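Here the structure is laid out as structure tokens; the discussion comes afterwards.
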Amino acid sequence: MANTPQAKKRIRRNSNRAEINHSRISRIRTFIKSVESAIATGKKADAAEALKKMQPEMARGVARGVIHKNTAARKISRLSKRVASLG
């Protein structure tokens, strides 16, 4: 158990940040799922719109340190490719 005031504060802070980060990751996953569901329906316009909304959310996650830069780039790239291949 933490004894020093600094350690106690870190425990409080870490739990708060974990909640915030979890909600950010969950929000990003929701945006990704919206793109994937739009791709599944086969409507290119809807998929492109969902992708356009997802990209800044991913960038925000990278800026906040919730996800790695290359992970975001890879996911955006793969989804962009799938949207582009829709006829």
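The values are calculated or read from the model by the stated rules, or taken from the named source; none is laboratory data. Because the structure is a prediction, the values reported are computed rather than measured. Here Cβ is always computed from backbone atoms with ideal geometry, including for glycine, and neighbour counts include all displayed protein chains.
See the values below:
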{"read-out": "Enumeration of residues in region 27-57 that are β-branched (V, I, T) and surrounded by 15 or more Cβ atoms within 10 Å (Cβ to Cβ)", "value": "I28, I32, V35, I39"}
{"read-out": "Within region 1-50, considering residues that are aliphatic (A, V, I, L, M), assigned to a helix (DSSP H, G or I) and over 19 Å from the mean Cα position of the chain (by Cα), the one nearest to I67 (Cα to Cα)", "value": "I11"}
{"read-out": "Qualifying positions in region 2-43 - charged (D, E, K, R), closer than 30 Å to S85 by Cα and at pLDDT 95 or above", "value": "R24, R27, R29, K33, E36"}
{"read-out": "Lone qualifier among R60, R10, R24 - being in contact (Cβ under 8 Å) with a residue 40 or more places away in the chain and surrounded by 12 or more Cβ atoms within 10 Å (Cβ to Cβ)", "value": "R24"}
